Each structure stands twice: as C-alpha cells, then as structure tokens.
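A short worksheet on the structure shown next.
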Amino acid sequence: MMTGIERRPMSPEAILADGCAPVIMGAKPSNLVSFDSSAAGFSVGWLLDSRAKFARSGIASYELRRTDARTLVLFYRPCMLSLCLGEPQSAALLRRCGYREGNLGALLAQLTERMRGEEAFPHEIGLFLGYPVRDVESFIESGGQGEALSGYWKVYDDVTAARRSFELYDRCRTAVAGMVKKGYSLSNILLHGGNHHEGFSDLLVGIG
C-alpha cells in the first residue's frame, strides 16, 4: 500500500550510531554492527576512520567477518566485556563450546574463526554481546525455541530484568537518534555519550 511517505535509507554513520547506542552510552559492553558494503557512503576507509574515532572514546572494535556484501564489526568496551566473559559461568560455557582459555583478544580471535566456519552465527556469540549466560545456555539447549520473551535477545530466565535492559537500550537509541537528528557528528555523539559512561541516571528515569 502506498503511504505517500518516502523513507530515506540511513547513512552508514547513522547506522553505526544507532547500532552502537547502548555501548556509546555505557549501558552495554558491546554491540555488533552489520554494514552493507554497497551502501552509499560506505567504504573501508570510512569504516577505519570511524573505528579510530570510537577508539579515542575508549570503545574498541574487532572485525569478525567481511564478505563482498557485508562487513560485521563488534564494538566493545574492553573492561566491561572482559568482566562478562570472565564470569565463571560464562567461561565454563565457552569451554564447552570449544574455546581455549585466553585474554579478550584471544577469545575474539577464536570467535572469528568459528564464524568463518559457519553460515549462521555461533550461538555463544550472545556471551560476547553481554547477554545473560543463562539465556545463552537455554537458547543453545532448546535450539532457540520456547523463550518467555523476545527482544534484543531471547529470554528464558529473568524476564523482569530483561525488560528493564530492553527499555534502557531503547532509551539509549532514542537519545543517540536525537543527536543524529540535530546534526551531531559521530565524534560529538561519542563525546556526549562518553559523558554518560560512568552514570546515565537520566536514561534510567522510569525504569524499575
């Protein structure tokens, strides 16, 4: 059905800002962003420059997969992600999935190798995205079926906590989208978001 409204495709910079909003605001350890390699404005040089801007704000990045069609990059806060993956339950699940113990860089390298060998994402990638380990375990055991709630991930355990997280991530995206709409550059968005890394109480209002 025709609506009369022409929707312009998002620019690569807007896609990056939206896809990384919870990380930019310090609410999540990592986000995975998929780039259309043929999109207007996208280039390897632009991506490298964008990753450098993130690095200056304390957000590292790791290219997980590149094809002629798409490029997948994980943007993450190293300390936060290291803590997530270092939790005993997370480390145990990674070992069961065939990972060897190592630092964050070694674990990311192993994830990259597993992604190259599979058409779909390896299920343990949820741990690298900061999802609760019990939900990742249940997803693997159930084959992705029977979840109690579906949002940023499939929830099997603590639905109340997951709803709070989903709402917080939505608020982060709304905040960053507002900056994009006002014409903020990616550098300014990262600077503004970085100011919320230690505390973003303004985003938490009404969540509880």
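Okay, here's what the table says:
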quantity: Interchain or long-range residues, amide H under 5 Å from Arg70's placed H; calculated: Ser37
quantity: 23 Å Cα-Cα reach of Lys154 towards lysines, excluding residues that sit fewer than 8 places from it in its own chain; calculated: Lys28
quantity: Candidates Gly58, Gly41, Gly193: whichever shows maximal mean-square fluctuation once the chain is modelled as a Gaussian network with Cα springs under 10 Å; calculated: Gly41
quantity: Under 18 Å from Lys53, Cα to Cα: lysines that are on another chain or at least 8 residues apart; calculated: none
quantity: Cβ-placed point charges (K, R +1; D, E -1), dipole of segment 68-179 about Cα centre in debye, nearest 20; calculated: 300 debye
quantity: Carbon + sulfur, % of accessible area of the chain - ligands and nucleic acids excluded, 1.4 Å; calculated: 52 percent
quantity: Range of Cα positions in the chain per principal axis (Å), largest first; calculated: 47, 44, 42
quantity: Per residue, in Å², the accessible surface of the chain once ligands and nucleic acids are set aside, probe 1.4 Å; calculated: 55 Å²
quantity: Relative contact order (percent, whole number), the chain, Cα cutoff 8 Å, 6+ residue spacing; calculated: 25 percent
quantity: Loop-resident sites, segment 68-138, for GluC sites (Glu not before Pro), counting at most 13 other Cβ within 10 Å (DSSP); calculated: Glu101, Glu118, Glu119
quantity: Integer Hz, Karplus 6.51/-1.76/1.60 couplings in order for segment 168-181, x for Gly and Pro; calculated: 4, 5, 4, 5, 4, 5, 5, 5, 5, 4, x, 5, 4, 4
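The values are calculated or read from the model by the stated rules, or taken from the named source; none is laboratory data. Everything quoted here is computed from the prediction, not taken from an experiment. Cβ coordinates were reconstructed from backbone atoms using ideal geometry, including for glycine residues, and neighbour counts include every protein chain displayed. Note: areas computed on protein heavy atoms with side chains; ligands, DNA, RNA excluded. Shrake-Rupley method; radii C 1.70, N 1.55, O 1.52, S 1.80 Å.
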